[in-house]
Ligand code: MG
């Protein structure tokens, strides 16, 4: 069976692989699978959103589902609205991908991203074309509602307003012309921060920069933090589920640093507790969690996997190294506005961002990769496991090998015909050496396979 859903729902290029035909057939499959009920639907700011949303609504109502149209909204706002009000949620978004892409993502009734097994049930209906269209009198109705005000209120309910207000902070927010503009700056102003915005007009052509918050894309934000003497800079990705931070000196902070910072703070506040993160995250997360008396649980890569493990283990916090943080007290999904508010609260109580992060353990990460045909990915993994079976390794996701000086993670890419190698150590040189050694070993193993 062809796989329809990838790691982030279904993505594709508009009017090429992501078409209204695909969208309506998928929506008929979703509606048939759900068997009626109410579905909320929201979008990011892409130009193709109305087109795809109309097709999805057509498919859902044809199969008897009522639809609540939330308009443009951050993905975490759609997730919260779904948890509180509907049987399923749908986000029309391609997150950080270029403007010609779009995607469709399903949210379960508990607000988490739909799990694989349920996506497979929907795929089966899709490929069998076993949709069940309803009688004319049972066609679904469409209404509109606002998900953003209740979402913004929910974020603020989890934050210490007085502390932030007293700190009188100046913040620059780069919304990447995405839906974060509807939430992050609004919340920060409400909390008494002085807010300067960049790219805060929703615009699906992404005129400011691409919607992935990389250091290169954030050069204007970095410059603005420096020239205005702001306490920090905040960048959202296109659908505002991830946030990346710039400290008061204008330094770009990798997602691992904020993940470590918030993990430390949360475990300290709870006097212990479980934190969940994928095997690809920096050892700095484990170091601080253990130091504060907590426990770290590793999962496979993917935010829905982290979220579900957090629910299962009653974890206090979790997240990914890409700026996707998940706050148990709020909701079990990545949330940019909540991350922004938490970091602002942390600065208000502990001091400048560069100072508090300088106290965290620091590691160097080396990233490299090599091409590997799809059909060889599985046998390659088997060979790697037998090659490294003398070492201490973890096969939660790919192969993570621990050494005295650090670790190496070798895993197949989920989206490309490629293997990736991540090597972490205390300094750049050691990390690079680990990376070089494992790359050449892996390439040898692959050439023997071919
Ligand atoms: Mg995103």
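No lab work stands behind these numbers, since they all come straight from the coordinates. On a predicted model such as this, the values are computed, not experimentally measured, just so you know. For neighbour counting, all protein chains shown are included, and Cβ atoms are generated from backbone atoms with ideal geometry for every residue, glycine included.
Taking the number of other C-beta atoms within 10 Å as the exposure measure, put 379, 48 in order starting with the fewest.
On the way: 379 11, 48 21.
The order, fewest Cβ neighbours first, is 379, 48.
How big is segment 184-257 in terms of Cα radius of gyration and Dmax, in angstroms?
11.9, 31
For segment 331-362 and segment 216-230, write down the distance between their C-alpha centroids in whole Å.
18 Å
Relative contact order for segment 10-146: what percent, with Cα pairs under 8 Å and sequence separation of 6 or more?
On the way: 282 pairs, mean separation 45.1, N = 137.
So the answer I get is 33 percent.
Quote the convex hull volume per residue of segment 219-294, based on C-alpha atoms, as a whole number of Å³. Mind dumping the intermediate values first?
Details: hull volume 8.5 nm³, N = 76.
Hull volume normalised by residue count: 111 Å³.
With equal scatterers on the alpha carbons only and no solvent term, can you work out the Debye log10 of I(q)/I(0) for segment 364-449 at 0.13, 0.14 1/Å?
-0.36, -0.42
Quick one: P(r) of the chain from all Cα-Cα pairs, 20 Å bins, percents rounded to integers, in order of increasing distance.
Answer for the chain: a P(r) of 25, 56, 19, 0 percent.
Quick one: Cα centre-to-centre distance for segment 134-163 and segment 174-215, in angstrom?
A separation of 20 Å, based on Cα centres.
What percent do you get for the relative contact order of segment 204-290 when only Cα pairs under 8 Å and 6+ apart count?
Details: 88 pairs, mean separation 16.9, N = 87.
Value for segment 204-290: 19 percent.
Using mean Cβ contacts within 10 Å as the protection proxy, how do 231-238, 202-209, 442-449 order, highest first? Kindly include the intermediate steps, with their values, before the conclusion.
Values: 231-238: 28.4, 202-209: 16.4, 442-449: 14.0.
In decreasing order of mean packing, 231-238, 202-209, 442-449 become 231-238, 202-209, 442-449.
So what is the 222 nm mean residue ellipticity for the chain from helices alone, if each DSSP H run of at least 4 adds -39500 (n - 2.57) and you divide by all residues, rounding to the nearest 500 deg cm²/dmol?
-12000 deg cm²/dmol
In which sequence would 52, 346 go, from the one with the fewest C-beta neighbours within 10 Å to the one with the most? Could you put the intermediate results ahead of the total?
Values: 52 27, 346 19.
Ordered by Cβ neighbours within 10 Å, fewest first: 346, 52.
Given the Cα atoms of segment 10-146, and with Rh set as the inverse mean 1/r over their pairs in the Kirkwood sense, what is Rg to Rh to two decimals? Don't jump to the answer; show the numbers that get you there.
On the way: Rg = 13.5 Å, Rh = 14.5 Å.
Rg/Rh for segment 10-146 comes to 0.93.
Cut-off is 10 Å between beta-carbons; in what order do 70, 188, 360 appear when sorted fewest neighbours first? It would help to have the intermediate numbers written out before the result.
Working: 70 26, 188 22, 360 18.
Arranged by neighbour count, lowest to highest, 70, 188, 360 become 360, 188, 70.
Counting only C-alpha contacts under 8 Å and six or more residues apart, can you give the relative contact order of segment 364-449 as a whole percent? All intermediate terms of the calculation are to be shown ahead of the outcome.
Details: 136 pairs, mean separation 32.2, N = 86.
Reported relative contact order: 37 percent.
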